[in-house]
Amino acid sequence: MHSEMEMLRCAIVRGGTSKGIFIMAKELPADPVQRDKVLLAIFGSPDIRQIDGLGGADILTSKLAIIAPSSRTDADVDYTFGQISTTEAFVDYGGNCGNISSAVGCFAIDMGLVKPVEPLTRVRIHMTNTNRILTAEIPVKNGKAAVEGDCAIDGVPGTGAKITLDWSDAVGGITGSLLPTGSAKDTVNAGGKDYTVSVVDAGNIVIFINASEFGLTGTETPAAIEADNALMQLIEEIRGKVCQQLGLVKNWQDAAIQTPYQPFFAMVSPPSNHSCFNGVKVRQADVDIVSRLLFMLHMHKAYPITGTVATGAAARIPGTVVNELLAETARQSVLLRIGHPSGVIPVEAAASIQNDQFTIERIGVYRTARMIMEGHVYVRKSVFGK
């Protein structure tokens, strides 16, 4: 090994439509400040190209999973998610990433943290960011997480082994409430105009708004939306003011720096025929709601799993923006199909109301995941203060 370098064991893993660096907690410094310096060096941040690290120079590939043996008796493994900024020396631990979460069970099995049971291994994942449990059913073959299968997800080439995730324990994980504001709808004044939003905490906090309030059809490409600087600034003002209302920041102008990852911001619209930026054709009959979602101040090129969870929950809450735009067929079915910039993602969402108490009974999603590379990353000793 180079005398000026420290060598840390890690892996590059794809989970759903995201890709991240997975590293065991024992590989990292215990001090949080020193740990984050090392993590930024691993990714090559801050740098929009992340040329001096393992980051993929994209918000969907600048993601982190820190894994450890479980600290809870009702879980099998601890998982801490981090979103690595490409522009600031900052690791955001404020929320979770459902796509990266889908790979945690596979990684835990392959690394020997969870005993493999064929054909399916149930892994209880303690999401330390929110202190909630995610249950994953992982296909297993020959003692390892299976890779081959016939499950296809839009935004990922080919097919893979089907991973089933139950997010029902994630409701209210950030704020303690499914509806953090106490209402299905709220009014936010931004740019001198009032906008109607629904704020839902399930998986992550998501702010929903009807795309028509911005004069959009709701089927625009991520690039087209990002190219409208005035719109992006307006979205951030609305998002920031919701952050201030929820107590995430003292001043809404600070949200872009202090909590860029969440809340997510989703522009929803009714089902429609449209084409995706990747050439996928979406038929009105194949979707129940259409959405374009922003996080880390950028548009998502597909759809995040935690955003999917929140959209599924919002669809079942009477009076929300999502519920009002939902196709009639989806009101009679547990399955909800969300149109996104790369295609369609399904979610199982079921709820009940008893004594005026609203309960999300099931939020189920399906993903594929696989280990891409396992090895060692070299970090300068000077980063460790040596």
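The values are calculated or read from the model by the stated rules, or taken from the named source; none is laboratory data. Fair warning: this is a prediction, and the values are worked out from it, not measured in the lab. No Cβ is skipped: glycine too gets one built from the backbone with ideal geometry, and neighbour counts run over all protein chains shown. Note: areas computed on protein heavy atoms with side chains; ligands, DNA, RNA excluded. Shrake-Rupley method; radii C 1.70, N 1.55, O 1.52, S 1.80 Å.
Let me confirm something: among Gly375, Gly343, which residue is touching a Cys at 6+ places or on another chain (Cβ under 7 Å), open to solvent by less than 50 Å² (accessible area, probe 1.4 Å) and in contact (Cβ under 8 Å) with a residue 40 or more places away in the chain?
Gly343
With the structure loaded, tell me whether Glu137 is out of contact with any helix residue (DSSP H, G or I) (no Cβ under 6 Å at 6 or more places or on another chain), of a type in the set (Asp, Glu), outside any loop (DSSP other than H, G, I, E, B) and open to solvent by 50 Å² or more (accessible area, probe 1.4 Å) or whether it fails that test.
Here the answer is yes, as Glu137 does meet what is asked.
Within the range 222-243, does at least one residue satisfy the condition of being among the acidic types (Asp, Glu), part of a loop (DSSP other than H, G, I, E, B) and on the phi < 0 side of the Ramachandran plot?
yes
For the range 356-372, what are the residues that are modelled with pLDDT under 95, open to solvent by 60 Å² or more (accessible area, probe 1.4 Å) and of a type in the set (Val, Ile, Thr)?
Once the filter is applied, which keeps residues that are modelled with pLDDT under 95, open to solvent by 60 Å² or more (accessible area, probe 1.4 Å) and of a type in the set (Val, Ile, Thr), the range 356-372 yields only Thr359.
Just one of Ile125, Ile109, Ile100, Ile153 is assigned to a strand (DSSP E or B) and crowded, with 19+ Cβ neighbours inside 10 Å; which is it?
Ile125
Any residue at all in the range 232-253 that is modelled with pLDDT under 95 and open to solvent by 50 Å² or more (accessible area, probe 1.4 Å)?
No, the conditions are met nowhere in the range 232-253.
State all residues of the range 254-271 that are open to solvent by less than 10 Å² (accessible area, probe 1.4 Å) and at pLDDT 95 or above; if no residue qualifies, say none.
Residues satisfying the conditions are Ala255, Pro263, Phe264, Phe265, Ala266, Met267, Val268, Ser269.
Can you give me the number of residues within the range 34-52 that are within 15 Å of Met296 (Cα to Cα) and either among the polar types (S, T, N, Q) or surrounded by 20 or more Cβ atoms within 10 Å (Cβ to Cβ) (or both)?
Total meeting the criteria: 1.
Do the conditions hold for Thr130, that is, is it assigned to a loop (DSSP other than H, G, I, E, B) and surrounded by fewer than 21 Cβ atoms within 10 Å (Cβ to Cβ)?
Judged against the criteria, Thr130 is not a match.
Restricting the range 74-96 to residues that are touching a Ser or Thr at 6+ places or on another chain (Cβ under 6 Å) and of a type in the set (A, V, I, L, M, F, W, C), which is surrounded by the most Cβ atoms within 10 Å (Cβ to Cβ)?
Across the range 74-96, the extreme among qualifying residues is Ile84.
Return the residues of the range 156-181 that are closer than 25 Å to Arg370 by Cβ and assigned to a loop (DSSP other than H, G, I, E, B); say none if nothing qualifies.
Once the filter is applied, which keeps residues that are closer than 25 Å to Arg370 by Cβ and assigned to a loop (DSSP other than H, G, I, E, B), the range 156-181 yields Val156, Pro157, Gly158, Thr159, Ala161, Lys162, Trp167.
Mind telling me which of the residues Thr329, Thr306 ends up being in contact with a strand residue (DSSP E or B) (Cβ under 6 Å, 6 or more places away or on another chain) and either outside any strand (DSSP E or B) or open to solvent by less than 10 Å² (accessible area, probe 1.4 Å) (or both)? Full working, then the answer.
Details: Thr329 fails: in contact with a strand residue (DSSP E or B) (Cβ under 6 Å, 6 or more places away or on another chain).
One residue alone meets the criteria, Thr306.
Residues checked against (1) closer than 24 Å to Gly172 by Cβ; (2) of a type in the set (Gly, Ala, Ser); (3) modelled with pLDDT under 95:
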{"site": "Thr73", "(1), (2), (3)": "yes, no, no"}
{"site": "Asn99", "(1), (2), (3)": "yes, no, yes"}
{"site": "Asp110", "(1), (2), (3)": "no, no, no"}
{"site": "Glu118", "(1), (2), (3)": "no, no, no"}
{"site": "Ala136", "(1), (2), (3)": "yes, yes, no"}
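Condition first: small (Gly, Ala, Ser) and surrounded by fewer than 21 Cβ atoms within 10 Å (Cβ to Cβ). Can you find one or more residues in the range 13-32 that meet it?
Yes, the conditions are met somewhere in the range 13-32.
How many of the residues making up the range 112-122 are surrounded by 14 or more Cβ atoms within 10 Å (Cβ to Cβ) and either at positive phi or not aliphatic (A, V, I, L, M) (or both)?
Of the residues in the range 112-122, 3 are surrounded by 14 or more Cβ atoms within 10 Å (Cβ to Cβ) and either at positive phi or not aliphatic (A, V, I, L, M) (or both).
Within the range 53-73, can you find the residues that are open to solvent by less than 20 Å² (accessible area, probe 1.4 Å) and not in a loop (DSSP other than H, G, I, E, B)?
Lys63, Leu64, Ala65, Ile66, Ile67
Given (1) open to solvent by 60 Å² or more (accessible area, probe 1.4 Å); (2) at pLDDT 95 or above, identify the lone condition not met by Ala313.
Condition not satisfied by Ala313: (1).
Using beta carbons and a limit of 6 Å, which pairs, at least six apart or on different chains, have the first residue in the range 88-103 and without any contact (Cβ under 8 Å) to a residue 12 or more places away in the chain and the second one of a type outside the set (Val, Ile, Thr) and buried (at least 21 other Cβ atoms within 10 Å of the Cβ)?
none
Of the residues Gly215, Gly176, Gly182, which is within 23 Å of His298 (Cα to Cα), without any contact (Cβ under 8 Å) to a residue 40 or more places away in the chain and surrounded by fewer than 22 Cβ atoms within 10 Å (Cβ to Cβ)?
On the way: Gly176 fails: within 23 Å of His298 (Cα to Cα); Gly182 fails: within 23 Å of His298 (Cα to Cα).
Result of the check over Gly215, Gly176, Gly182: Gly215.
Please find, among Ala230, Ala211, the residue that is within 30 Å of Asn278 (Cα to Cα), touching an Asp or Glu at 6+ places or on another chain (Cβ under 9 Å) and small (Gly, Ala, Ser).
Working: Ala230 fails: touching an Asp or Glu at 6+ places or on another chain (Cβ under 9 Å).
Residue meeting the stated conditions: Ala211.
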